[in-house]
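Participant: Got a structure for you, questions after.
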Amino acid sequence: MSLTDIKIRQAKAIEKPLKLADANGLYLEVKPSGAKLWRYRYRIAGKENLYAIGDYPTITLAEARKARDEARELIKKGLHPAHARQNERLLKIAANNDTFKAIAEEWKEKKRSGWAPYYLQQIERGMKADIYPRIGRLPIRAATSADILAILDRASRRGAETVAINLRQWCSAVFRYAVATLRADNDPAAALRGAIIRPLSTTASLCPVRTSPTS
């Protein structure tokens, strides 16, 4: 007979582990300590195996059955569900390590010895204030030219065009580093070169002032 939520809640611990069967290999193990653990018994190549799904009530009866059904699909392909779950965790860890922020911080560490303290401070301020809030948590391959342009436009709208130009350059450097370390395929910031025009007051100050010759 299949389990019910009432039966699970009313199950009491005894001196030895108690197994309450559900269906298709799923059962709830009640430990002498009172802990209630979901287990799924299955066979691959004629060998019996046990898959630990999790504890009750963190995982409900419905969720345990869903996990069992997903495990059964993996088993049909000859895959152990525990191995598949571990691989999924590793992929998530890898994805977290390949966020724009993670790679940018790595890039900074490799470059900082060659930068003046003030320049490093500028980069860190720009990253924290403008870049990370927009794309810091994205996997670096998911960041697009549109994402970078939104960062530049935001800085430009507050009158910080020079900052916007620097932000594009720093993003581009991070993407190029990611490409060089095989964690990105291209530099989406490269397409935005020239998207922000440096203020005339800045460029004009770099040019000599011509005066009319005196008569």
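Each reported figure results from applying straightforward, stated rules to the coordinates on display, with no laboratory input. What you are looking at is a predicted structure, and each value in this text was computed from that prediction instead of being measured. Methodologically, a virtual Cβ is constructed for each residue, glycine included, from the backbone with ideal geometry; neighbour enumeration extends over all protein chains shown.
Participant: Could you list which residues have their amide H under 5 Å from that of His80, counting only those 5 or more apart in sequence or on another chain, with H placed in the peptide plane?
Facilitator: Under 5 Å from the amide H of His80 lies no amide H from a residue far enough along the sequence or on another chain.
Participant: Could you work out how far apart the two model spin labels at Ser33 and Lys7 are, taking each label as a point 7 Å from the Cα in the direction of the beta carbon, and quote it in nm?
Facilitator: 2.6
Participant: Considering the options Gln169, Ser145, Tyr119, tell which one lies farthest towards the positive end of the dipole of the range 100-200, charges being +1 on Lys and Arg and -1 on Asp and Glu at the Cβ, about the Cα centre.
Facilitator: Most positive-ward Cα: Tyr119.
Participant: Would you mind working out the magnitude of the charge dipole of the chain relative to its Cα centre, with +1 at each Lys and Arg C-beta and -1 at each Asp and Glu C-beta, to the nearest 20 Debye?
Facilitator: Numbers: 39 positive and 22 negative charges, 67 e Å.
That gives a dipole near 320 debye.
Participant: On to the next question. Show me, for the range 61-77, the HN-Hα J-couplings you get by feeding each phi into the Karplus relation (A = 6.51, B = -1.76, C = 1.60, θ = phi - 60°), rounded to Hz, glycine and proline as x.
Facilitator: Residue by residue, the range 61-77 yields 4, 4, 5, 5, 5, 5, 4, 4, 5, 5, 5, 4, 5, 5, 5, 4, 8 Hz.
Participant: While we're on this one: Structure shown: which of Lys66/Lys101; Lys31/Lys101; Lys12/Lys77; Lys66/Lys128; Lys19/Lys77; Lys36/Lys101 lie over 32 Å apart, alpha-carbon to alpha-carbon? Write out the running numbers ahead of the final one.
Facilitator: On the way: Lys66/Lys101 35 Å; Lys31/Lys101 44 Å; Lys12/Lys77 37 Å; Lys66/Lys128 41 Å; Lys19/Lys77 28 Å; Lys36/Lys101 40 Å.
In this structure, Lys66/Lys101; Lys31/Lys101; Lys12/Lys77; Lys66/Lys128; Lys36/Lys101 exceed 32 Å between Cα atoms.
Participant: Of Ala62, Asn49, Trp107, which is farthest along the charge dipole of the chain in the positive direction, counting Lys and Arg as +1 and Asp and Glu as -1 at C-beta?
Facilitator: Asn49
Participant: Amide H neighbours of Ala195 under 5 Å, at least 5 residues apart or on other chains, H built in the peptide plane: list them.
Facilitator: When sequence neighbours closer than 5 places are left aside, there are no close amide H contacts.
Participant: Let me ask something else. Provide the FRET efficiency to the nearest 0.05 for the Glu70-Lys110 pair, computing r from the beta carbons and using R0 = 45 Å. Before the final figure, lay out the partial values.
Facilitator: Numbers: r = 41 Å, r/R0 = 0.92.
With R0 = 45 Å, the Cβ-Cβ based efficiency is 0.60.
Participant: Given Cβ point charges of +1 (Lys, Arg) and -1 (Asp, Glu) and nothing else, what value in debye, to the nearest 20, does the dipole of the range 5-80 about its Cα centre take?
Facilitator: Taking the Cα centre of the range 5-80 as origin, the dipole is about 200 debye.
Participant: Could you work out how far apart the two model spin labels at Arg193 and Ala129 are, taking each label as a point 7 Å from the Cα in the direction of the beta carbon, and quote it in nm?
Facilitator: In this crude spin-label approximation the distance works out to 2.7 nm.
Participant: How large is the convex hull of the Cα atoms of the range 1-52 per residue, expressed in Å³ as a whole number? Display every interim value, and only then the final one.
Facilitator: Working: hull volume 4.2 nm³, N = 52.
Roughly 80 Å³ of hull volume per residue.
Participant: Could you quote the convex hull projected area for the chain, Cα atoms only and averaged over all directions, in nm²?
Facilitator: The orientation-averaged projected area of the Cα hull of the chain comes to 21.1 nm².
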